[in-house]
Amino acid sequence: MDLDTSAFGELVEKYQRKVFQVALAILGDKDEARNITQEVFIKAFRSYTGFRFDASPETWLVRITINKVRDHLRKERLRRLLFLKPGTFSDRQLTLVADGDQSPEEILREKQFRESFTAFQSGLKGRENEVFALRFGNGYSIREISKVMGISQSSVKTYLYRAIEKAKEHLAEWRNP
């Protein structure tokens, strides 16, 4: 079966943003998410002729994305262990666009909240992080996450529940009195 490059080009055009959003939601770093997005489409291109359309193209690409992110995180963790270099995941830089109507105190509080939230999310590991990112970073339903990750809906709910409980605990100080 010959590869229809125009059909693949349409696939890239249609799903590139979604793949990037999933990678960004899990990794929190735009440059890393761009690299993962490229790797996903290279992998998809190489295996496109074998794609049987048992799942939707979006599900297929998101599965590849999650696997590429997992590989990336494993390699990064190993690299940090071997070379004793600090990781970039917990000390990500956040960009804050200040609205002209915000006071300096509001801007600072928002920046602190974002940093706290980023620290919380970088503390989530494995499937908890993936489920949390897919649900809240990309708006996937429980059923869609189950399908994409190849796990039961009850497992998705369990991972999501644990992540939400950790969020409540970690972000408790940010609740309004």
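The values are calculated or read from the model by the stated rules, or taken from the named source; none is laboratory data. None of these values were measured; they are calculated from a predicted model. Virtual Cβ from ideal backbone geometry, glycine too; neighbours counted across all protein chains shown.
Applying the condition of being free of Cβ contacts under 8 Å to residues at least 40 places away in the same chain and not in a helix (DSSP H, G or I) to segment 141-170 and asking which residue is farthest from Asn67 (Cα to Cα) yields Ser141. Could you say whether any residue in segment 115-124 is surrounded by 15 or more Cβ atoms within 10 Å (Cβ to Cβ), in contact (Cβ under 8 Å) with a residue 12 or more places away in the chain and closer than 18 Å to Lys68 by Cα? The answer is yes; a qualifying residue exists. From the residues in segment 29-56 that are at pLDDT below 85 and surrounded by 15 or more Cβ atoms within 10 Å (Cβ to Cβ), which one is nearest to the chain's Cα centre (by Cα)? Restricting to residues being at pLDDT below 85 and surrounded by 15 or more Cβ atoms within 10 Å (Cβ to Cβ), the top hit is Ala55.
For first residues located in segment 14-28 and in a helix (DSSP H, G or I), partners that are surrounded by fewer than 19 Cβ atoms within 10 Å (Cβ to Cβ) and of a type in the set (Gly, Ala, Ser) and lie 6+ apart or on another chain with Cβ distances below 9 Å form the pairs Gln21/Gly137; Val22/Gly137; Leu24/Gly137; Ala25/Gly137; Ile26/Gly137.
Within segment 37-65, the set of residues being in a helix (DSSP H, G or I) and among the polar types (S, T, N, Q) comprises Thr37, Gln38, Ser47, Thr49, Thr59, Thr65. Output the residues belonging to segment 27-49 that are over 20 Å from Arg74 (Cβ atoms) and touching a Phe, Trp or Tyr at 6+ places or on another chain (Cβ under 7 Å). Result: Phe45, Tyr48.
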